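**Q** Quick one: the structure is below, and I'll ask about it shortly.
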Amino acid sequence: MSGFDQARALWEASGEAQPSQAKSPRRLFVKSYGCQMNVYDAQRMADLLAPEGYAETAVLEEADLVILNTCHIRERASEKVFSELGKLRVLKAARARAGRETRIVVAGCVAQAEGEEIFRRQRAVDVVVGPQSYHRLPALLRRAESSRAVLDTDFPAESKFDHLAAPGLRQIRKRGVAAFVTAQEGCDKFCTFCVVPYTRGAEVSRPVEEIAAEVARLAAAGVREVCIIGQNVNAYHGETPDGGAASLALLTARLAEVPGIARIRYTTSHPGDMDESLIKAHRDQPHLMPFLHLPVQSGSDSILAAMNRKHNRADYIALVADIRAARPDIALSSDFIVGFPGETDEDFVATLDLIEKIGFANAFSFKYSARPGTPAAALRNQIPDAVKAKRLLRLQDLLDRQRHAFNRQMVGRVLDVLIEKPGRHAGQIAGKSAYLQPVLMEGGLDRIGEIVRVEIVSSGGNSLFGRLLPEEPAQEAPR
Ligand code: SAM
Ligand code: SF4
């Protein structure tokens, strides 16, 4: 019996594998905006509501309960939520005319930041719940049966993780062979542009063994890859069984011991928390994938200081050199903000120059968006939108060229690919390389969950196309 099968057998024997039976056929539709943390939270909300009799649906119109799990990081993200709520009001009224009740919940960071204001702007909303209190959702929904406008945006003393329901085996399998696991939440860094410290609260880490138990459950249901997530995941300092504090490197080493887990990733990291143990882990831990999302935001020292980033350009360059010395083939990714208040043409050119110097395999880039309550929103030297738009285009053009070049250099190589799902065309399957590139090839669905060897034959810019090679023991993460 393989380690993977053993883990599954153990878990099934524990009786935990049976999901709770639905009490009544109520339908739940969850829409998640923003980051991976929200994807994870949305899944946990669905798990929490399954014992209450809610089964998930992908059809909005048939939902008795709609949850918008919102993001407040940029202005457009919250405006999208209010426009969606307008459409939901119409749907709720139409369903009411047909004798069907619909409850609407706003969860996530917009819920936390806007609170009561959501009820004022949209009366069709029943419950507003913040990201630290969504474990109370079943109770809040019960309260909403007798009273209007139920609000919970507390930062409770208890950890929500102590109250969340574990997903059933079937549910985990439906979600796929790669899963997110929250290890850390919140942030104490207070970058001047960012709402996270206000919406998610202070930094907290989950204990090592609590995370390991969650990963063991995922692995027992067939998950092969876990991505450890947190707003500042490399600030992780969860409790060890002997009462000490673990580093992220220690956590990745512990999760590598879970039978069935073949790949480990983590995101998002702050450059200031990239300690020596984590850099060494990239050299020494074969389960740790050679891909690192390490946001720099800007290449200009004066902008980095105004952002309160606590790292400068030289720090970032030196850090990347250390990481590349430990793991030469590591693929780097980053976040960039253009048009931060006071950003001059010279500052912007310094960012382009940093990108040229480092070379990124992937990146996310945004126009600065003033967030109410953050220090940067009060700065007077805001940049006109037209300037931000022009700079963003130029920056993205450079980043796209780097991504395409990174992908093109894979052509002719043999990569290990974790097969995740069917491809877009009949007979096609899709997976991810160790460097997080989507890879498409002809193959059978029975390969889902396997790490296979694929010869890359072409690159389409965003995705790679390959040919499945005959089975051989996979050499994970070629160096
Ligand atoms: N903790 C990570 C770090 O230290 O870089 C970032 C997490 S943040 C949730 C994700 C990204 O959103 C940031 O890296 C930043 O690029 C972008 N972002 C955050 N606030 C923003 C704002 N006010 N305007 C534009 N982009 C923003
Ligand atoms: Fe936001 Fe990241 Fe800065 Fe924290 S470190 S305030 S999450 S950008």
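The values are calculated or read from the model by the stated rules, or taken from the named source; none is laboratory data. Just so we're clear, the structure is a prediction, and the values are computed from it rather than from any experiment. Cβ: placed from backbone, ideal geometry, glycine included. Neighbour counts: every protein chain shown.
**Q** Would region 232-252 turn up any residue that is away from ligand 1 (no atom under 16 Å from the Cβ) and touching a residue at least 60 places away in the same chain (Cβ under 8 Å)? Give the steps one after another, and end with the answer.
**A** Pass one, region 232-252, residues away from ligand 1 (no atom under 16 Å from the Cβ): 238-247, 249-252.
Filter again for touching a residue at least 60 places away in the same chain (Cβ under 8 Å), leaving 251.
Checking region 232-252: at least one residue is away from ligand 1 (no atom under 16 Å from the Cβ) and touching a residue at least 60 places away in the same chain (Cβ under 8 Å).
**Q** Among the residues in region 211-229, are any within 15 Å of ligand 2 (Cβ to nearest atom) and either of a type in the set (S, T, N, Q) or more than 29 Å from residue 448 (Cβ to Cβ) (or both)?
**A** Keep residues of region 211-229 that are within 15 Å of ligand 2 (Cβ to nearest atom), which gives 229.
Filter once more, keeping what is either of a type in the set (S, T, N, Q) or more than 29 Å from residue 448 (Cβ to Cβ) (or both): none.
Looking for residues that are within 15 Å of ligand 2 (Cβ to nearest atom) and either of a type in the set (S, T, N, Q) or more than 29 Å from residue 448 (Cβ to Cβ) (or both), one finds none in region 211-229, hence no.
**Q** Inspect region 331-349 for any residue being surrounded by 20 or more Cβ atoms within 10 Å (Cβ to Cβ) and more than 16 Å from ligand 1 (Cβ to nearest atom) and give the result as yes or no. Reasoning before the result, please.
**A** Taking region 331-349 and keeping what is surrounded by 20 or more Cβ atoms within 10 Å (Cβ to Cβ), we get 331-334, 336-341, 343, 347-348.
So of that shortlist, the ones also more than 16 Å from ligand 1 (Cβ to nearest atom) come out as 331.
The answer is yes; a qualifying residue exists.
**Q** Hey, another quick one. Which ones in region 136-170 are crowded, with 17+ Cβ neighbours inside 10 Å and either within 16 Å of ligand 2 (Cβ to nearest atom) or among the polar types (S, T, N, Q) (or both)?
**A** Matches in region 136-170: 153 only.
**Q** Another question about this same structure. List, please: which pairs have Cβ atoms under 6 Å, are six or more places apart or on different chains, and start with a residue in region 363-389 that is within 30 Å of residue 331 (Cα to Cα) and end with one that is surrounded by 15 or more Cβ atoms within 10 Å (Cβ to Cβ) and of a type in the set (Ser, Thr, Tyr)?
**A** 363/333; 363/334
**Q** Could you give me the residue pairs with C-beta distances under 9 Å whose first residue belongs to region 179-194 and is touching a residue at least 24 places away in the same chain (Cβ under 8 Å), whose second residue is among the acidic types (Asp, Glu) and more than 14 Å from ligand 1 (Cβ to nearest atom) wherever it lies, and which are 6+ apart or on separate chains?
**A** Partner pairs satisfying both residue conditions: 179/225; 181/214; 182/214.
**Q** Let me ask something additional. Could you check region 187-201 and list, in sequence order, the residues that are at pLDDT below 95, touching a strand residue (DSSP E or B) at 6+ places or on another chain (Cβ under 9 Å) and either surrounded by fewer than 22 Cβ atoms within 10 Å (Cβ to Cβ) or farther than 16 Å from residue 267 by Cβ (or both)?
**A** Passing the criteria: 199, 201.
**Q** Give me the residue from region 273-307 that is of a type in the set (Val, Ile, Thr) and over 17 Å from residue 253 (Cβ atoms) and, out of that set, farthest from the chain's Cα centre (by Cα).
**A** Among those that are of a type in the set (Val, Ile, Thr) and over 17 Å from residue 253 (Cβ atoms), it is 303.
**Q** Sticking with this structure for a sec: Taking only region 417-450 into account, find how many residues are crowded, with 21+ Cβ neighbours inside 10 Å, in contact with a Leu (Cβ under 7 Å, 6 or more places away or on another chain) and assigned to a strand (DSSP E or B).
**A** Residues flagged as crowded, with 21+ Cβ neighbours inside 10 Å, in contact with a Leu (Cβ under 7 Å, 6 or more places away or on another chain) and assigned to a strand (DSSP E or B) within region 417-450 amount to 6.
**Q** Does residue 285 qualify as being in contact with a Ser or Thr (Cβ under 7 Å, 6 or more places away or on another chain) and either more than 16 Å from ligand 1 (Cβ to nearest atom) or without any contact (Cβ under 8 Å) to a residue 12 or more places away in the chain (or both)?
**A** Working: in contact with a Ser or Thr (Cβ under 7 Å, 6 or more places away or on another chain): yes; either more than 16 Å from ligand 1 (Cβ to nearest atom) or without any contact (Cβ under 8 Å) to a residue 12 or more places away in the chain (or both): yes.
Answer is yes for this residue.
**Q** Now for a separate question. Does residue 372 meet the test of being under 30 Å from residue 286 (Cα atoms) and either within 16 Å of ligand 2 (Cβ to nearest atom) or surrounded by fewer than 14 Cβ atoms within 10 Å (Cβ to Cβ) (or both)? It would help to see each step written out before you state the result.
**A** On the way: under 30 Å from residue 286 (Cα atoms): no; either within 16 Å of ligand 2 (Cβ to nearest atom) or surrounded by fewer than 14 Cβ atoms within 10 Å (Cβ to Cβ) (or both): yes.
So residue 372 does not fit the description; no.
**Q** Assess whether residue 183 counts as being surrounded by 15 or more Cβ atoms within 10 Å (Cβ to Cβ), under 16 Å from residue 206 (Cβ atoms) and within 16 Å of ligand 1 (Cβ to nearest atom). Step through it out loud before you land on a result.
**A** Working: surrounded by 15 or more Cβ atoms within 10 Å (Cβ to Cβ): yes; under 16 Å from residue 206 (Cβ atoms): yes; within 16 Å of ligand 1 (Cβ to nearest atom): yes.
Yes.
**Q** Among the listed residues 177, 195, 223, which satisfies the condition of being within 10 Å of ligand 1 (Cβ to nearest atom) and of a type in the set (A, V, I, L, M)? I'd like the intermediate steps shown before the answer.
**A** Details: 177 fails: within 10 Å of ligand 1 (Cβ to nearest atom); 223 fails: within 10 Å of ligand 1 (Cβ to nearest atom).
Answer to the check: 195.
**Q** Still on this structure: Return yes or no: is residue 411 part of a loop (DSSP other than H, G, I, E, B), farther than 19 Å from residue 288 by Cα and modelled with pLDDT of 95 or more? Please lay out each step first, then the result.
**A** Working: part of a loop (DSSP other than H, G, I, E, B): yes; farther than 19 Å from residue 288 by Cα: yes; modelled with pLDDT of 95 or more: yes.
When the stated conditions are applied, residue 411 passes them.
**Q** Right, next: Given the residues 386, 331, 377, which is the only one that is within 16 Å of ligand 2 (Cβ to nearest atom) and either modelled with pLDDT of 95 or more or not polar (S, T, N, Q) (or both)?
**A** Values: 386 fails: within 16 Å of ligand 2 (Cβ to nearest atom); 331 fails: within 16 Å of ligand 2 (Cβ to nearest atom).
Unique residue meeting the criteria: 377.
**Q** Got a sec? Which of 279, 228, 264 is in contact with a helix residue (DSSP H, G or I) (Cβ under 8 Å, 6 or more places away or on another chain), closer than 26 Å to residue 364 by Cα and within 16 Å of ligand 1 (Cβ to nearest atom)?
**A** On inspection, the qualifying residue turns out to be 228.
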